[in-house]
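Asker: Pasting a structure here, questions to come.
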Amino acid sequence: MLYEIYKKDIPNFLDYLISKNLEVIAPVNEGVVRFEKIRSGKDVTLDYINTAESPKEYFLPDGDNLFIFDKKRLEYESLKPIEKTRVIFGMRPCDANALNILDRVLLEKPIDNNYAERRKKTIIIAIECKRTGDNCFCYVFGTDTVKEGVDLVFKPYGKKYIVEVLSKKGEKLLDKTFFKKSKLKSYKVKRRFKKKIDLKGIKSKLPELYNSDKWKPIAEKCIACAACTGVCPTCYCFEHKDYEHSNSIIRKRYWSSCLLASFSRVAGNHVIRKSMESRVKQFVYHKLFYFEKRYGVDLCVGCGRCISSCPVDIDFFEFIDKLAVKKR
Ligand code: SF4
Ligand code: SF4
(Lines give C-alpha, C1' and ligand atoms only; values in the text may rest on other atoms or scores of the structure.)
(Ligands and ions follow the chains in the order given, each with its own letter.)
Protein backbone atom coordinates (compact mmCIF):
# COMPACT_ATOMS: atom_id res chain seq x y z
CA MET A 1 0.00 0.00 0.00
CA LEU A 2 1.35 3.43 -1.00
CA TYR A 3 0.28 6.79 0.45
CA GLU A 4 0.55 10.38 -0.76
CA ILE A 5 1.25 13.73 0.85
CA TYR A 6 1.31 17.18 -0.78
CA LYS A 7 4.70 18.91 -0.58
CA LYS A 8 2.92 22.09 0.62
CA ASP A 9 1.69 20.13 3.67
CA ILE A 10 5.18 19.15 4.83
CA PRO A 11 5.70 22.14 7.21
CA ASN A 12 2.38 21.38 8.94
CA PHE A 13 3.20 17.67 9.10
CA LEU A 14 6.53 18.49 10.78
CA ASP A 15 4.73 20.80 13.24
CA TYR A 16 2.40 17.89 13.98
CA LEU A 17 5.41 15.67 14.78
CA ILE A 18 6.85 18.37 17.05
CA SER A 19 3.46 18.63 18.81
CA LYS A 20 3.71 14.89 19.54
CA ASN A 21 6.79 15.64 21.66
CA LEU A 22 9.18 14.29 19.05
CA GLU A 23 12.50 15.97 18.40
CA VAL A 24 12.57 16.73 14.67
CA ILE A 25 15.82 17.06 12.72
CA ALA A 26 15.51 18.19 9.12
CA PRO A 27 17.39 20.00 6.32
CA VAL A 28 17.72 23.72 6.98
CA ASN A 29 19.28 26.19 4.55
CA GLU A 30 21.83 28.35 6.36
CA GLY A 31 23.80 29.24 3.24
CA VAL A 32 24.64 25.56 3.06
CA VAL A 33 21.99 22.96 3.76
CA ARG A 34 22.54 21.07 7.03
CA PHE A 35 20.50 18.76 9.25
CA GLU A 36 19.35 20.76 12.28
CA LYS A 37 16.91 20.30 15.12
CA ILE A 38 13.91 22.43 14.11
CA ARG A 39 11.34 24.34 16.16
CA SER A 40 8.91 24.85 13.30
CA GLY A 41 8.15 23.10 10.02
CA LYS A 42 8.64 26.47 8.29
CA ASP A 43 12.39 26.25 8.98
CA VAL A 44 12.80 23.33 6.61
CA THR A 45 13.92 23.40 3.00
CA LEU A 46 12.88 20.80 0.46
CA ASP A 47 15.05 22.43 -2.21
CA TYR A 48 18.37 20.62 -1.81
CA ILE A 49 20.30 17.90 -3.55
CA ASN A 50 21.97 16.73 -0.36
CA THR A 51 23.21 18.22 2.89
CA ALA A 52 26.85 19.39 2.95
CA GLU A 53 27.62 17.10 5.88
CA SER A 54 26.23 13.63 6.35
CA PRO A 55 23.71 12.87 9.12
CA LYS A 56 26.19 10.42 10.71
CA GLU A 57 26.85 13.01 13.45
CA TYR A 58 23.39 12.18 14.87
CA PHE A 59 24.41 8.55 15.38
CA LEU A 60 28.16 8.72 15.80
CA PRO A 61 28.90 12.26 16.99
CA ASP A 62 32.37 13.73 17.01
CA GLY A 63 33.22 14.05 20.72
CA ASP A 64 30.77 11.42 22.00
CA ASN A 65 30.77 10.90 25.79
CA LEU A 66 31.36 7.18 26.31
CA PHE A 67 31.65 6.78 30.07
CA ILE A 68 32.55 8.43 33.34
CA PHE A 69 35.01 6.76 35.72
CA ASP A 70 34.63 7.51 39.44
CA LYS A 71 38.14 7.77 40.91
CA LYS A 72 36.99 7.18 44.49
CA ARG A 73 34.65 4.23 43.92
CA LEU A 74 36.81 2.84 41.10
CA GLU A 75 33.65 2.28 39.08
CA TYR A 76 32.56 3.46 35.70
CA GLU A 77 29.13 4.38 34.43
CA SER A 78 27.94 4.71 30.83
CA LEU A 79 26.64 8.14 29.82
CA LYS A 80 23.17 8.14 28.26
CA PRO A 81 23.57 9.16 24.62
CA ILE A 82 19.96 10.21 23.89
CA GLU A 83 16.81 10.85 25.93
CA LYS A 84 13.94 11.53 23.55
CA THR A 85 12.69 9.69 20.48
CA ARG A 86 13.50 11.78 17.44
CA VAL A 87 12.65 11.93 13.77
CA ILE A 88 15.18 12.66 11.06
CA PHE A 89 13.23 13.97 8.10
CA GLY A 90 14.68 14.24 4.62
CA MET A 91 17.58 11.83 4.78
CA ARG A 92 18.72 10.90 1.28
CA PRO A 93 18.83 7.20 0.32
CA CYS A 94 22.64 7.27 0.04
CA ASP A 95 22.90 8.40 3.69
CA ALA A 96 20.23 5.95 4.84
CA ASN A 97 22.11 3.12 3.13
CA ALA A 98 25.29 4.39 4.78
CA LEU A 99 23.62 3.82 8.17
CA ASN A 100 22.76 0.27 7.11
CA ILE A 101 26.47 -0.20 6.36
CA LEU A 102 27.52 1.30 9.71
CA ASP A 103 25.05 -1.09 11.39
CA ARG A 104 27.13 -4.02 10.16
CA VAL A 105 30.16 -2.71 12.02
CA LEU A 106 28.65 -1.06 15.07
CA LEU A 107 25.82 -3.49 15.81
CA GLU A 108 27.95 -6.61 15.50
CA LYS A 109 29.30 -7.96 18.78
CA PRO A 110 30.57 -6.24 20.83
CA ILE A 111 27.71 -3.83 20.11
CA ASP A 112 28.44 -0.11 20.22
CA ASN A 113 25.83 0.85 22.84
CA ASN A 114 25.72 4.57 22.07
CA TYR A 115 25.19 3.97 18.37
CA ALA A 116 22.61 1.23 19.03
CA GLU A 117 20.62 3.46 21.40
CA ARG A 118 20.56 6.36 18.94
CA ARG A 119 19.58 4.07 16.07
CA LYS A 120 16.75 2.54 18.15
CA LYS A 121 15.35 5.91 19.21
CA THR A 122 15.45 7.52 15.76
CA ILE A 123 12.62 7.36 13.23
CA ILE A 124 13.91 8.04 9.73
CA ILE A 125 11.89 9.56 6.91
CA ALA A 126 13.97 9.28 3.75
CA ILE A 127 13.31 11.38 0.65
CA GLU A 128 14.47 10.04 -2.69
CA CYS A 129 16.17 12.45 -5.09
CA LYS A 130 14.74 13.72 -8.34
CA ARG A 131 17.71 15.99 -9.10
CA THR A 132 21.27 14.73 -8.72
CA GLY A 133 24.54 16.56 -8.12
CA ASP A 134 27.63 16.64 -10.36
CA ASN A 135 29.51 14.38 -7.93
CA CYS A 136 26.70 11.92 -7.14
CA PHE A 137 27.31 8.32 -8.20
CA CYS A 138 25.07 6.40 -5.78
CA TYR A 139 23.49 4.47 -8.68
CA VAL A 140 26.84 2.64 -9.02
CA PHE A 141 26.26 1.00 -5.61
CA GLY A 142 22.46 0.73 -5.95
CA THR A 143 22.11 3.17 -3.06
CA ASP A 144 19.88 5.70 -4.84
CA THR A 145 16.91 3.91 -3.27
CA VAL A 146 16.55 2.48 0.22
CA LYS A 147 14.63 -0.65 1.15
CA GLU A 148 15.41 -1.15 4.84
CA GLY A 149 16.70 0.56 7.96
CA VAL A 150 14.34 3.53 7.60
CA ASP A 151 10.67 3.95 8.47
CA LEU A 152 9.12 5.91 5.60
CA VAL A 153 10.38 6.68 2.11
CA PHE A 154 9.03 9.76 0.30
CA LYS A 155 9.33 9.71 -3.49
CA PRO A 156 8.89 12.98 -5.43
CA TYR A 157 5.84 12.89 -7.72
CA GLY A 158 4.97 16.34 -9.09
CA LYS A 159 3.39 18.40 -6.29
CA LYS A 160 3.24 15.36 -4.03
CA TYR A 161 5.38 12.65 -2.51
CA ILE A 162 4.41 9.02 -2.91
CA VAL A 163 5.04 7.41 0.47
CA GLU A 164 6.30 3.88 1.02
CA VAL A 165 5.96 2.43 4.52
CA LEU A 166 8.85 0.29 5.73
CA SER A 167 8.04 -0.10 9.43
CA LYS A 168 5.26 -0.01 12.06
CA LYS A 169 6.86 3.09 13.59
CA GLY A 170 6.59 4.78 10.19
CA GLU A 171 2.99 3.69 9.72
CA LYS A 172 2.04 5.33 13.03
CA LEU A 173 3.10 8.73 11.65
CA LEU A 174 0.61 8.60 8.76
CA ASP A 175 -1.97 10.98 10.21
CA LYS A 176 -5.08 11.25 8.00
CA THR A 177 -4.86 15.06 8.00
CA PHE A 178 -1.78 14.85 5.79
CA PHE A 179 -1.71 11.41 4.15
CA LYS A 180 -4.16 9.79 1.73
CA LYS A 181 -4.02 6.33 0.22
CA SER A 182 -2.47 6.42 -3.24
CA LYS A 183 -4.07 4.88 -6.31
CA LEU A 184 -0.62 3.84 -7.50
CA LYS A 185 0.42 0.24 -6.89
CA SER A 186 4.11 0.94 -7.39
CA TYR A 187 6.22 3.96 -8.25
CA LYS A 188 9.83 4.44 -9.28
CA VAL A 189 11.54 7.85 -9.52
CA LYS A 190 13.52 8.37 -12.71
CA ARG A 191 16.91 10.05 -12.25
CA ARG A 192 19.89 10.89 -14.42
CA PHE A 193 23.50 10.96 -13.31
CA LYS A 194 26.38 12.82 -14.94
CA LYS A 195 29.20 11.01 -13.19
CA LYS A 196 30.23 7.74 -14.79
CA ILE A 197 32.32 5.18 -12.96
CA ASP A 198 32.98 1.58 -13.95
CA LEU A 199 32.90 0.00 -10.51
CA LYS A 200 33.15 -3.57 -11.83
CA GLY A 201 36.19 -2.66 -13.90
CA ILE A 202 37.82 -0.87 -10.95
CA LYS A 203 37.25 -3.78 -8.61
CA SER A 204 38.66 -6.35 -10.98
CA LYS A 205 41.85 -4.28 -11.31
CA LEU A 206 42.34 -3.12 -7.73
CA PRO A 207 44.58 -6.02 -6.57
CA GLU A 208 47.13 -5.50 -9.33
CA LEU A 209 47.02 -1.68 -9.03
CA TYR A 210 48.28 -1.70 -5.46
CA ASN A 211 51.95 -1.56 -6.47
CA SER A 212 51.44 0.86 -9.35
CA ASP A 213 53.72 3.93 -9.31
CA LYS A 214 50.71 6.05 -10.40
CA TRP A 215 49.60 6.66 -6.78
CA LYS A 216 52.47 9.06 -6.15
CA PRO A 217 51.04 12.24 -7.74
CA ILE A 218 47.67 11.96 -5.98
CA ALA A 219 49.40 11.23 -2.66
CA GLU A 220 51.60 14.32 -3.15
CA LYS A 221 48.52 16.43 -3.83
CA CYS A 222 46.64 15.33 -0.69
CA ILE A 223 47.23 17.69 2.25
CA ALA A 224 45.80 15.23 4.82
CA CYS A 225 43.13 17.65 6.02
CA ALA A 226 40.63 14.79 6.62
CA ALA A 227 37.73 16.88 5.27
CA CYS A 228 36.70 13.95 3.04
CA THR A 229 36.48 11.41 5.84
CA GLY A 230 34.72 13.92 8.12
CA VAL A 231 31.84 14.45 5.69
CA CYS A 232 31.71 10.81 4.59
CA PRO A 233 28.59 9.01 5.87
CA THR A 234 30.36 5.63 6.07
CA CYS A 235 33.74 6.58 7.61
CA TYR A 236 33.85 5.49 11.23
CA CYS A 237 37.55 5.58 12.28
CA PHE A 238 37.89 7.10 15.73
CA GLU A 239 40.25 7.88 18.60
CA HIS A 240 39.63 8.15 22.35
CA LYS A 241 40.60 10.94 24.69
CA ASP A 242 40.33 10.90 28.48
CA TYR A 243 39.56 14.10 30.43
CA GLU A 244 40.52 14.10 34.07
CA HIS A 245 38.47 16.04 36.64
CA SER A 246 38.99 16.13 40.43
CA ASN A 247 36.85 13.05 41.16
CA SER A 248 36.32 11.51 37.77
CA ILE A 249 37.63 10.81 34.30
CA ILE A 250 35.43 11.14 31.23
CA ARG A 251 36.25 9.17 28.11
CA LYS A 252 35.23 10.73 24.80
CA ARG A 253 35.34 9.41 21.28
CA TYR A 254 36.36 11.67 18.38
CA TRP A 255 36.35 11.10 14.63
CA SER A 256 39.69 10.27 13.16
CA SER A 257 40.81 9.50 9.63
CA CYS A 258 42.92 6.90 7.86
CA LEU A 259 44.41 9.81 5.93
CA LEU A 260 46.09 11.15 9.09
CA ALA A 261 49.49 9.79 10.14
CA SER A 262 48.34 9.95 13.78
CA PHE A 263 45.62 7.37 13.12
CA SER A 264 48.15 4.59 12.56
CA ARG A 265 50.38 5.54 15.50
CA VAL A 266 50.72 2.55 17.83
CA ALA A 267 52.58 1.78 21.07
CA GLY A 268 56.19 2.91 21.10
CA ASN A 269 55.21 5.88 18.88
CA HIS A 270 55.52 3.80 15.72
CA VAL A 271 53.47 5.06 12.78
CA ILE A 272 52.46 2.12 10.63
CA ARG A 273 51.37 4.10 7.57
CA LYS A 274 54.02 6.81 7.48
CA SER A 275 53.76 7.75 3.81
CA MET A 276 50.80 9.67 2.43
CA GLU A 277 50.77 7.16 -0.42
CA SER A 278 50.11 4.26 1.95
CA ARG A 279 47.30 6.23 3.62
CA VAL A 280 45.65 7.19 0.35
CA LYS A 281 45.74 3.54 -0.69
CA GLN A 282 44.26 2.52 2.67
CA PHE A 283 41.32 4.89 2.06
CA VAL A 284 40.63 3.57 -1.43
CA TYR A 285 41.17 -0.12 -0.65
CA HIS A 286 39.13 0.03 2.56
CA LYS A 287 36.25 1.62 0.63
CA LEU A 288 36.26 -0.69 -2.35
CA PHE A 289 38.13 -3.87 -1.44
CA TYR A 290 38.86 -4.79 2.23
CA PHE A 291 35.41 -3.93 3.62
CA GLU A 292 33.60 -5.97 1.01
CA LYS A 293 35.80 -8.98 1.82
CA ARG A 294 34.57 -8.86 5.43
CA TYR A 295 31.03 -7.49 5.22
CA GLY A 296 29.91 -8.26 1.67
CA VAL A 297 29.22 -4.62 0.69
CA ASP A 298 31.37 -1.65 -0.29
CA LEU A 299 32.16 1.05 2.25
CA CYS A 300 30.90 3.78 -0.06
CA VAL A 301 27.43 4.89 -1.10
CA GLY A 302 28.50 7.31 -3.82
CA CYS A 303 27.26 10.48 -2.10
CA GLY A 304 30.15 12.40 -3.66
CA ARG A 305 30.82 14.51 -0.54
CA CYS A 306 34.50 13.54 -0.38
CA ILE A 307 34.88 15.05 -3.86
CA SER A 308 32.88 18.23 -3.15
CA SER A 309 34.67 18.90 0.14
CA CYS A 310 38.28 18.35 -0.96
CA PRO A 311 40.16 21.67 -0.92
CA VAL A 312 42.66 20.44 -3.53
CA ASP A 313 40.11 18.87 -5.90
CA ILE A 314 40.98 15.23 -5.37
CA ASP A 315 38.49 12.73 -6.72
CA PHE A 316 39.74 9.29 -5.67
CA PHE A 317 37.03 7.54 -7.67
CA GLU A 318 37.79 9.28 -10.95
CA PHE A 319 41.50 8.71 -10.34
CA ILE A 320 41.13 4.98 -9.70
CA ASP A 321 38.65 4.63 -12.57
CA LYS A 322 41.19 6.14 -15.00
CA LEU A 323 43.98 4.03 -13.55
CA ALA A 324 41.90 0.87 -14.00
CA VAL A 325 40.93 1.80 -17.59
CA LYS A 326 44.61 1.99 -18.56
CA LYS A 327 45.09 -1.52 -17.21
CA ARG A 328 42.15 -2.97 -19.13
S1 SF4 B 1 33.81 7.73 0.10
FE2 SF4 B 1 33.08 9.69 -0.71
S3 SF4 B 1 31.43 9.13 -2.14
FE4 SF4 B 1 31.82 7.32 -0.86
S5 SF4 B 1 30.34 7.51 0.82
FE6 SF4 B 1 32.25 8.48 1.53
S7 SF4 B 1 32.03 10.67 1.03
FE8 SF4 B 1 30.43 9.53 -0.13
S1 SF4 C 1 39.83 16.21 1.55
FE2 SF4 C 1 41.31 16.01 -0.12
S3 SF4 C 1 43.22 16.87 0.72
FE4 SF4 C 1 41.86 16.51 2.47
S5 SF4 C 1 42.46 14.44 3.17
FE6 SF4 C 1 40.74 14.16 1.75
S7 SF4 C 1 41.73 13.80 -0.25
FE8 SF4 C 1 43.30 14.66 1.09
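Asker: Using Cα pairs closer than 8 Å and at least 6 residues apart in sequence, work out the relative contact order for segment 103-207, in percent.
Answerer: So the answer I get is 29 percent.
Asker: What share of the DSSP beta bridges in the chain is antiparallel, in percent to the nearest 5?
Answerer: Percentage antiparallel, nearest 5: 75.
Asker: Accessible area of residue 66, 1.4 Å probe, to the nearest 10 Å²?
Answerer: Residue 66 has an accessible surface of roughly 30 Å² with all protein chains in place.
Asker: Taking 8 Å as the Cα distance limit and 6 or more residues as the minimum spacing, I'd like the relative contact order of the chain as a percentage.
Answerer: Dividing the mean separation by the residue count of the chain yields 21 percent.
Asker: While we're looking at this one, here's another question. Please report, as a whole percent, how much of the solvent-accessible surface of segment 170-328 comes from carbon and sulfur atoms (probe radius 1.4 Å).
Answerer: C and S fraction of accessible area: 53 percent.
Asker: Once a ≥ b ≥ c are taken as the square roots of the eigenvalues of the Cα gyration tensor of segment 66-199, is the result rounded (a/c under 1.5), prolate (a/b larger than b/c) or oblate (a/b not larger than b/c)?
Answerer: Verdict is oblate for segment 66-199.
Asker: OK, next. Taking only protein heavy atoms and a 1.4 Å probe, what accessible area per residue, in Å², does segment 197-260 have with all protein chains in place?
Answerer: Computed with neighbouring chains in place, this is 52 Å² per residue.
Asker: Then there is this: Using a 1.4 angstrom probe on the protein heavy atoms only, could you order 91, 1 from most to least accessible area?
Answerer: Order by accessible area, largest first: 1, 91.
Asker: Rounded, prolate or oblate: which fits the chain when a ≥ b ≥ c are the square roots of the eigenvalues of the alpha-carbon gyration tensor, with rounded for a/c under 1.5 and prolate only if a/b beats b/c?
Answerer: Oblate.
Asker: Let me ask another. Tally the DSSP beta bridges in segment 69-210 and give the antiparallel ones as a percent, rounded to 5.
Answerer: 50
Asker: What lysines could a cross-link reach from residue 322, if we take a straight Cα to Cα line under 18 Å and drop same-chain neighbours fewer than 8 places away?
Answerer: Output for residue 322: 194, 195, 196, 200, 203, 205, 214, 216, 221, 281, 287.
Asker: Checking the cross-link filter: which lysines have an alpha carbon closer than 20 Å to that of residue 120, excluding same-chain neighbours under 8 positions apart?
Answerer: 20, 37, 56, 80, 84, 109, 147, 168, 169, 172
Asker: Here is a follow-up. Round to a whole number: what % of the accessible area of segment 1-143 belongs to carbon and sulfur, probe 1.4 Å?
Answerer: Carbon and sulfur together cover 49 percent of it.
Asker: Okay, helix-only estimate at 222 nm for the chain: each DSSP H run of n ≥ 4 adds -39500 (n - 2.57), divide by all residues, round to 500 deg cm²/dmol; what do you get?
Answerer: -7500 deg cm²/dmol
Asker: Which whole-number value in Å² is the accessible area per residue of segment 26-115, probe 1.4 Å?
Answerer: Computed with neighbouring chains in place, this is 51 Å² per residue.
The values are calculated or read from the model by the stated rules, or taken from the named source; none is laboratory data. Given the structure is predicted, the values throughout are model-derived calculations rather than measurements. Just so you know, the surface numbers come from the protein's heavy atoms only, side chains and all, with ligands and any DNA or RNA stripped out. Shrake-Rupley method; radii C 1.70, N 1.55, O 1.52, S 1.80 Å.
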